[in-house]
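These notes are about the structure you will find just below.
The values are calculated or read from the model by the stated rules, or taken from the named source; none is laboratory data. From a predicted model like this one, the values you see are computed outputs, not experimental measurements. Cβ sites come from the backbone with ideal geometry, for glycine too, and all protein chains shown count toward neighbours. Accessible surface is based on the protein model in full, side chains and every heavy atom, while ligands, DNA and RNA are left aside. Shrake-Rupley method; radii C 1.70, N 1.55, O 1.52, S 1.80 Å.
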Amino acid sequence: MKPGLYISFSDLFDRRPAMAELVTVLRGVPLRHATHILSYMDLLVRAAMQEKGWETFAKIQEKLVAGHLDDECFNRLKQRLPFARCEDRPIFLPHCILNVLRIVLTEGDPAPMPKDEDDERIRYLMGRACLMMNDLLVSVKEAQALATGTADTMRIELMVQTLAGFELANAPKSDHLMPRLEVMYRTLLRDPAVKGRIAQQYRGFDFESEFQRGVGISLERWLLVVFAIYAYFSNIGSPLDADPNYMQINPSIFRGESGITQEELEIVLGTISSTTEEIRAKILAEAQTDPRYDLVSFRSAPLVRLEPQKLVPTDTTFILEKCHTGVQWVLHDALPAKMRQTLFNVWGVLFEEYVHWLFKGMKTTLPILYVPSPRFAESQNESFDGVLLKEGVLVACEYKGGFLARNARYSGDSSVFLHDLHKKFADGCKQLAANIGAAFAEDDKSRKNIEGLHLGGIRAVVPMLVLQDHIFRVPFLNWYLNRQFQDELRQYAIRPGVIIRPLTVVGIHDLESMIHSVEAENFDFIYALHNRTVRDEEVLSELHEWLSTYKDFGRKASPRLAAILDSLFETITGYLFPRAGRTNPSGSPPAESSAA
């Protein structure tokens, strides 16, 4: 989602509300009715955000303004901001909607059933609450921190404050996540070499077997049911004329004539849904994070059970995330505590193998060579996780599949965030600097040769750190980690004629987008990455925006990845609708949308 400035309560009323005031406004609101309205609002906004362009998003904002702002708020909006465009100055975004939902679930009255005659009052109340919450997403103290101090401290503060908001606003899309889960879970986990590597390094650990044993259903069937639930909510059609039949799930009839068994559905719902009482207990137990940022209670169980046979989504992207990172956390919760670190390590190996798979299978006429896990000739120690070579440019790669800890993600405290960032990811900067320093050392005697590679013709080295955690698409992360890399690199004397460029941090989503473009249109991503580090030595630019300036980026999908997506949809269709033809289930994204 493009950056913008949302409209808040203070824009209309010239004062900032306090959190206590908002809680008072929502205390005692009919919980079921309010939750249903907020779920509906978020569903429409998410559906609009998944579309290309901003026309539908703007119209959804107009629709929600008309239906959820009372006369006082609406009239003030027209008076104060008569020329504001809805796509540039929205009110209703997932971050504020979900924060209002948190308060409703902790302060609302769970007893009343929804009443038609009460609908307008509650809709207007939710609209006003969203306006108030928009002010509270950034405190006065936080705003001051963004306006004082050095440029460096302000960048760090902005990075930390925008972590949660960027994670929500730029959620992963199904046309990226679905091929990823197909390759990671249904190809690589069944590859004898990958299975053997995991078993050898981690005492026979078998991901699929552990999942079956701990969760009670095969990983493949669990994934298919979760995706079926996501696809069901995608069936609302156009968000401008949404079908109300697809805004909630009735477990007693959801299976229909599909291949989903009742036992499978119950197991899956047990892992991705919670009652309002259970969610309330989770929220009230949170102590070490900032409630404005921490939505793990919704991410862990993205379906709210309002009644035994009525489940509504908190946010559809949380359901989709279950198909990828959710797999790890579901298995994590099912494993004995002593095995959980092994799971994290295995997850890192699986991510590394996935990046290898993307690069090794890359189909292009460009003169690019990829070498996975190259080793120093003398010691046989691994030099880099991977190396890309094109003419006189070498891209030295490190892959990190880990995730920031919950308190680092959502505390809003820069010291906590930076501590965990350094603990888990700064070692990638250190490894890159040390091994680049060894491979390109000025001293002939201390220089280490990389097995099978002749580096005499290399004139520029582009260090690249590939990260899996989606939260790292936040601004200034690349700038900050590059500073750590440069600090490490200063220890090493580099041979004349070789320039070590600034560190490039690439999220897995952007890496997949580059693979799409290089395979579809021979997009020279190595030139693009190298050129960015030449023109932007502090790497302050946003990578996806930089790549989007090239005409061959993000226009077409990779035939290889598109074929995987089509094959996956055939599998899903055959599973869900065993008597139907082999067509994509309604609501599934077309392969053409996968390019960016």
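DSSP beta bridges fully contained in the chain are about 50 percent antiparallel.
Backbone phi angles across the stretch 535-542, fed through the Karplus curve with coefficients 6.51, -1.76 and 1.60 (θ = phi - 60°), yield HN-Hα couplings of 7, 10, 5, 8, 6, 8, 5, 7 Hz in residue order; Gly and Pro are listed as x.
Rounded to the nearest 10 degrees, the inclination of helix 94-107 to the longest alpha-carbon principal axis of the chain is 50 degrees. Taking amide H atoms as placed 1.01 Å from N in the peptide plane, the amide H of Glu442 lies under 5 Å from those of Ala493, Ile494, Arg495, each 5 or more residues away in sequence or on another chain.
Placing pseudo-labels 7 Å out from each Cα toward the beta carbon at Thr148 and Asp116 gives an inter-label distance of 5.6 nm. Between Lys363 and Thr275, the FRET efficiency from the beta-carbon distance, with R0 = 51 Å, is close to 0.55.
In this rough spin-label picture, where each label sits 7 Å from Cα along the Cβ direction, the Asn235-Thr571 distance is 2.2 nm.
Helix 426-439 and the longest principal axis of the C-alpha atoms of the chain enclose an angle of approximately 20°. Between Thr504 and Met464, Leu465, the built amide H atoms are under 5 Å apart, and every one of these is 5 or more places off in sequence or on another chain.
Over all other residues within a Cβ to Cβ distance under 15 Å of Gln79, the charged ones net out to -1, with Lys and Arg as +1 and Asp and Glu as -1.
Bridge orientation summary for the stretch 171-342: considering DSSP beta bridges with both residues in this region, about 60 percent are antiparallel. Ordering Asp552, Asp294 by accessible surface, largest first, gives Asp552, Asp294; the 1.4 Å probe counts only protein heavy atoms, with every chain in place. Coupling constants for the stretch 135-145 follow from the phi torsions by the Karplus curve (6.51 cos²θ - 1.76 cosθ + 1.60, θ = phi - 60°), and in residue order they are 6, 7, 5, 10, 6, 4, 4, 5, 4, 5, 5 Hz; glycine and proline get x. In this label model, Arg447 and Glu208 are separated by 4.7 nm, measuring between points 7 Å along each Cα→Cβ vector. Its DSSP H runs of at least 4 residues, each contributing -39,500 (n - 2.57), put the calculated 222 nm mean residue ellipticity of the chain at -16500 deg cm²/dmol, to the nearest 500. Close Lys pairs in the stretch 9-137, defined as Cα atoms under 25 Å apart and 8 or more places apart or on different chains, number 4. By the gyration tensor of its Cα atoms, with a ≥ b ≥ c the square roots of the eigenvalues, what is the shape of the stretch 1-160: rounded for a/c under 1.5, prolate for a/b over b/c, or oblate? Here the stretch 1-160 falls in the prolate category. For the chain, the solvent-accessible area with a 1.4 angstrom probe is 41 square angstrom per residue. A 1.4 Å probe over all protein chains sorts Trp357, Trp222 by accessible area into Trp357, Trp222, starting with the largest.
Counting 0.36 nm for each residue step from Asp71 to Tyr527 and taking away their Cα separation leaves a gain of 158.7 nm. Magnitude of the charge dipole for the chain, about its Cα centre and with charges confined to Cβ atoms of Lys, Arg (+1) and Asp, Glu (-1), is about 680 debye. In the chain, the portion of solvent-accessible area held by carbon and sulfur atoms comes to 51 percent [1.4 Å probe, whole percent, DNA, RNA and ligands not counted].
Net charge near Ile217, counting Lys/Arg +1 and Asp/Glu -1 over other residues with Cβ under 13 Å of its Cβ?
-4
Bridge orientation summary for the stretch 364-557: considering DSSP beta bridges with both residues in this region, about 45 percent are antiparallel.
Going by accessible surface with a 1.4 Å probe and the largest first, Lys310, Lys59 read Lys59, Lys310.
Given their separation in residues at 0.36 nm each and the Cα-Cα distance between them, Ala18 and Leu5 gain 2.7 nm when the chain is fully extended. Give the separation of the Cα centroids, the stretch 436-488 to the stretch 493-510, in Å. Measuring centre to centre over Cα atoms gives 5 Å.
Near Asp294, once Lys and Arg are set to +1 and Asp and Glu to -1 for all other residues with Cβ below 10 Å from its Cβ, the sum equals +3.
Here's the list of lysines a cross-link from Lys424 could span, going by alpha-carbon distance under 18 Å and ignoring same-chain residues fewer than 8 apart: Lys400. Here are some values of mean projected area of the Cα convex hull in nm²: (i) 27.7; (ii) 48.9; (iii) 42.7. Which one was computed from this structure? Comparing each candidate, only (i) matches the computed number. Return the FRET efficiency for the residue pair Lys59, Phe344: r is the Cβ-Cβ distance, R0 is 51 Å, and the value is rounded to the nearest 0.05. Given R0 = 51 Å and the Cβ-Cβ separation, E is 0.75. Couplings for the stretch 166-181, taken from phi via the Karplus curve 6.51 cos²θ - 1.76 cosθ + 1.60 with θ = phi - 60°, read 5, 4, 6, 6, 10, 5, x, 9, 4, 6, 9, 5, 5, x, 4, 5 Hz in order; Gly and Pro are left as x.
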